[in-house]
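Q: Dumping the structure here so I can ask a few things about it.
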Amino acid sequence: MNVGFIGIGRMGAGMAANLLKAGHRVTVYNRTPGKTRSLITQGAYVARNIGEACQGDAVHTMLADDEAVESIALGSGGIVASLAAGAIHISSSTISVALSHHLANAHADAGQQFIAAPVFGRPDAAAAGTLFVVTGGRTMAVEKARPLLEAFSQQIFPISDLPEAASLVKLSGNFLIASAIESLGEALALIAKAGVDRHQYIDLLTSTLFSASVYKTYGNLLADRKFEPAGFAAPLGHKDIHLALAAAEQLRVPLPLASLLRDRFLTLFAHGGERLDWSAIGELATLDAGITAT
């Protein structure tokens with residue numbers, strides 16, 4: 001397929017590279033042109049503007065937040081203004097439920113198709129093509145986009161005909177991951193204060209009751225106290241918790257743990273942790289326990 005890809009960050013770079021490996025014609029666009037160089041060497045074409053990235057069968061966006069997506073999609077010369085009738089905008093960005101709904105309506109009014117396809121997985125999974133994709137959108141559009149999604153994923157989960165449902169599922173998933181990070185951090189602080197080795201403890205947990213990848217990945221990051229370079233920056237985690245709380249308020253669903261997590265991110269930022277991986281919120285319990293990092 002002929003596809004545009006907008007947003008060549010750590011996630012987007014791996015996803016676009018796998019689209020090229022799968023044989024798709026990929027035109028990339030990024031506000032910082034230097035980030036496209038490695039993809040050019042792999043066969044990607046470079047768009048000079050958003051419109052040039054929207055000339056194919058689909059355009060894929062992987063951007064940081066609502067502001068970036070809204071600007072790229074709805075701004076002057078943006079995706080809605082440039083995409084051909086019947087073509088698809090695939091959004092893998094983690095955005096608000098409200099924006100996902102708004103984008104679906106804007107594309108429908110323009111005679112275009114829109115699917116939300118947020119992903120679960122860190123940059124190493126994006127590069128390896130082993131992400132998990134959650135889709136929301138009309139079945140025909142999802143099936144048309146499937147060859148693109150399969151290029152960088154190990155499994156696709158169609159959730160709903162409504163794009164905003166996929167966005168909500170993604171936000172709920174990130175809330176669960178952040179909850180696991182916080183609980184891991186508290187448990188590690190407890191055992192470390194008693195002199196138990198952090199790495200042995202994580203090995204025990206992830207070899208027995210807690211063998212899921214989220215515990216292995218974040219348990220080892222916490223045991224190692226390795227929060228740089230950030231695979232998923234803390235401000236993005238804070239943004240996702242904020243969006244989950246906004247969706248919960250709209251639906252009248254109390255999320256007391258999400259409120260706690262929001263405050264943990266604010267505490268991290270108060271200590272200068274904006275550049276760290278979001279797993280660094282789990283280190284706060286160690287600091288609260290008076291344990292000196294080595």
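The values are calculated or read from the model by the stated rules, or taken from the named source; none is laboratory data. Nothing here was measured: the structure is a model prediction, and the numbers come from that model. Please note: Cβ atoms are built from the backbone with ideal geometry, for glycine as well, and neighbour counts cover all protein chains shown.
Q: Identify, by number, the condition in (1) under 30 Å from HIS101 (Cα atoms); (2) surrounded by fewer than 20 Cβ atoms within 10 Å (Cβ to Cβ) that PHE265 doesn't meet.
A: Only one criterion in (1) under 30 Å from HIS101 (Cα atoms); (2) surrounded by fewer than 20 Cβ atoms within 10 Å (Cβ to Cβ) is unmet by PHE265, namely (2).
Q: How many residues does the stretch 55-66 contain that are touching a Leu at 6+ places or on another chain (Cβ under 8 Å), charged (D, E, K, R) and outside any helix (DSSP H, G or I)?
A: 1
Q: Could you check the stretch 1-13 and list, in sequence order, the residues that are surrounded by fewer than 24 Cβ atoms within 10 Å (Cβ to Cβ) and under 18 Å from VAL119 (Cβ atoms)?
A: Restricting attention to the stretch 1-13, the residues satisfying the condition of being surrounded by fewer than 24 Cβ atoms within 10 Å (Cβ to Cβ) are 1-2, 9-10, 13.
Across the stretch 1-13, the qualifying residues are GLY9, ARG10, ALA13.
Per-residue answers, yes or no, for (1) crowded, with 23+ Cβ neighbours inside 10 Å; (2) in a loop (DSSP other than H, G, I, E, B); (3) touching a strand residue (DSSP E or B) at 6+ places or on another chain (Cβ under 7 Å):
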| residue | (1), (2), (3) |
| --- | --- |
| ALA68 | no, no, no |
| ALA81 | no, no, no |
| HIS89 | yes, no, yes |
| SER93 | yes, yes, yes |
| HIS102 | no, no, no |
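Q: Might you let me know whether the stretch 124-134 holds any residue that is of a type in the set (Gly, Ala, Ser), without any contact (Cβ under 8 Å) to a residue 60 or more places away in the chain and outside any helix (DSSP H, G or I)?
A: Checked against the condition, which is being of a type in the set (Gly, Ala, Ser), without any contact (Cβ under 8 Å) to a residue 60 or more places away in the chain and outside any helix (DSSP H, G or I), the stretch 124-134 yields no hits at all.
Q: So how many residues does the stretch 24-35 have that are part of a helix (DSSP H, G or I) and either of a type in the set (D, E, K, R) or within 21 Å of SER82 (Cα to Cα) (or both)?
A: Final tally of qualifying residues: 2.
Q: Now for a separate question. How many residues does the stretch 246-261 hold that are farther than 16 Å from SER183 by Cβ and crowded, with 18+ Cβ neighbours inside 10 Å?
A: Total satisfying the criteria: 2.
Q: Condition check: on the phi < 0 side of the Ramachandran plot, at pLDDT 95 or above and assigned to a helix (DSSP H, G or I). Does ARG275 satisfy that?
A: no
Q: Before we move on, is LEU245 outside any loop (DSSP other than H, G, I, E, B) and over 23 Å from the mean Cα position of the chain (by Cα)?
A: For LEU245, the condition - outside any loop (DSSP other than H, G, I, E, B) and over 23 Å from the mean Cα position of the chain (by Cα) - is not met.
Q: Now for a different question. Given the condition buried (at least 24 other Cβ atoms within 10 Å of the Cβ), touching a Phe, Trp or Tyr at 6+ places or on another chain (Cβ under 8 Å) and in a strand (DSSP E or B), answer yes or no: does some residue in the stretch 36-54 qualify?
A: Looking through the stretch 36-54, none of the residues is buried (at least 24 other Cβ atoms within 10 Å of the Cβ), touching a Phe, Trp or Tyr at 6+ places or on another chain (Cβ under 8 Å) and in a strand (DSSP E or B).
Q: Say whether the condition of being touching a Ser or Thr at 6+ places or on another chain (Cβ under 7 Å), within 18 Å of ALA64 (Cβ to Cβ) and assigned by TED's automatic domain parsing to the domain that holds GLU186 is met by at least one residue in the stretch 230-241.
A: yes
A quick yes/no check of all residues on (1) out of contact with any Gly (no Cβ under 8 Å at 6 or more places or on another chain); (2) surrounded by fewer than 19 Cβ atoms within 10 Å (Cβ to Cβ):
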| position | (1), (2) |
| --- | --- |
| ASP109 | yes, yes |
| GLN113 | no, no |
| GLY121 | yes, no |
| VAL133 | yes, no |
| ALA141 | yes, no |
| ARG146 | yes, yes |
| LEU149 | yes, no |
| GLN155 | yes, yes |
